[in-house]
Amino acid sequence: MTRSVLLLLLLACAPAHADAPDAVADGQGLSTTDARVLDIAPPEEPIITVDLTEKAADLWDRIRRGFGMPDLTTPEVTERQIQYLSHPAALRRLFERSYRYMYHIVDALERRGLPTEIALLPMVESGFNPMAYSRSKAAGLWQFVPSTGRYFNLQQNDWVDERRDVIASTEAALDYLERIYDMHGDWHLALASYNAGEGTVQRAIRKNAAAGLSTEYAHLPLRKETRDYVPKLQALKNILARPELFAIDLPHVPNRHYFGLVNSPAGIDLAMAAEYADTSLDELVALNPAFRRPVIPEGNQRLALPTDKIDTFKARLAEVKPRWKTYRLGKTERLANVALKFNLSVTQLLQINGLTSPAQARPGRPLLVPAGADVSSVLPLSDLLPEFPAAKDVRLGPRRKPKRKAR
């Protein structure tokens, strides 16, 4: 029996409410066991009931209990399930990325009374990678383009991009989804609008209505990306609903907060914060992906830390003084002189400030400079922060046009 036929048999016995994941990310502990041929003879599908008085066994169980969208049953859903199940490594990556953020998203959905399927949407949008950046300049878990981000009050400046902030972007995404659901009264149309824009979906609805055709999502004339969008989410839902049916072992994700918030003073950098919290730099950036610079901006800032590291961070932070400050470049001041004053190379000064050329450091511009900080400790952040240039990206002189060869 071929793999495709086996998968089709597995899918054939899945109930309409079963659901599946997107093959884009990395899953902590996710594994697949050998596929098994199931007996599809039973005449009746058993009715699955959930005792809501019992506490959820883990976060996945909690998500299943909150499913509230009508199921989509189309050939596209089946195709997506086969695609996801055929790429178990991608499935592992997907679940690995989600475990840091999933509890917060589910909590936010339940506070609003929204279907918990929405918690799976970042798997479709970004593979649960908060640093994801698309060709259309969409950023973050929920993939906001700059203009929509500004409409929903997500700050985008030299210091932060809140389209990548887990808390701010989640609230904005849920505000948006609630609004377009109220517009359509249909979750499939709301999801299509989230992907393609309200105007695009409304025009497709009007076109079908004028032709006497169905105005349901599955029948609308939409671009392929949008026609595949809801099937992706439904396929993820199907796999999560009945993982045992697909021989999938989901990672255990405890039903509790993964991270908490602390107020952090300005003048410390992310490397220092990671050290004080006794956590890795990768972990700190993954929980605070909105920062565009290695130094925490002016004023008190919220910093997300693993819940079991918060007390350690607070205790160590109590005795810490700011180790960074801002320096305003004078009208006739050369960048090389500023770098020398603070025991930096020009390349380091540019890197720290997210600049790739001295020409960008104009008079009056505030520059980050150390006030006792270890500069070398922040340079590895060039591999983690998208806007933090690596040394090889910094140009110290003007580009010269190549000389033309004499004919």
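Each value in this text was obtained by applying a stated rule to the coordinates, not by laboratory testing. This is a predicted model, so every value here is computed, not measured. No Cβ is skipped: glycine too gets one built from the backbone with ideal geometry, and neighbour counts run over all protein chains shown.
For the stretch 227-322, what mean projected area does the convex hull of the alpha carbons give, in nm²?
Numbers: hull surface 35.5 nm².
For the Cα atoms of the stretch 227-322, the hull's average projected area reads 8.9 nm².
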Over all pairs of different Cα atoms in the stretch 260-400, the reciprocal of the mean inverse distance gives a Kirkwood radius in Å of 15.7
With the dipole of the stretch 202-355 defined by +1 on each Lys or Arg Cβ and -1 on each Asp or Glu Cβ, the option from Leu287, Gly212, Ser345 whose Cα lies farthest towards the positive pole is Gly212
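Below 8 Å, C-alpha to C-alpha, sequence gap of six or more: please give me the relative contact order for the stretch 308-392 in percent.
Numbers: 86 pairs, mean separation 30.1, N = 85.
Averaging sequence separation for qualifying contacts and normalising by length gives 35 percent for the stretch 308-392.
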Ordered by fewest other Cβ atoms within 10 Å, a rough proxy for footprinting exposure, Ile105, Ile167 read Ile167, Ile105
In nm, the gap between the two label points placed 7 Å beyond Cα toward Cβ at Ser147 and Ala266 is 3.3
Computed for the stretch 230-291: size of charge dipole around the Cα centre, +1 on C-beta of each Lys and Arg, -1 on C-beta of each Asp and Glu, debye to nearest 20, value 520
Phi-derived 3J(HN,Hα) across the stretch 371-386 with the Karplus relation (6.51, -1.76, 1.60, θ = phi - 60°), rounded Hz, x for Gly and Pro, is 10, x, 7, 8, 4, 4, 6, 8, 4, x, 5, 4, 8, 10, 9, x
Treating only Lys and Arg (+1) and Asp and Glu (-1) as charged, each at its beta carbon, one finds that the stretch 252-382 has a dipole about its Cα centre, in Debye to the nearest 20, of 700
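Across every pair of different alpha-carbon atoms, what Kirkwood hydrodynamic radius in Å does the stretch 120-248 reach?
Working: mean 1/r = 0.0634 Å⁻¹.
For the stretch 120-248, inverting the mean 1/r across all distinct Cα pairs yields 15.8 Å.
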For the stretch 172-305, Rg(Cα) over 2.2 N^0.38 Å is 1.53
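Among the trypsin sites (Lys or Arg not before Pro) in the stretch 291-320, which ones are in a DSSP loop with at most 13 other Cβ atoms within 10 Å of the Cβ? Mind listing them? Don't skip to the end; give the middle numbers.
Values: sites: Arg292, Arg302, Lys309, Lys314, Arg316; in loops: Arg292.
The qualifying sites: there are none.
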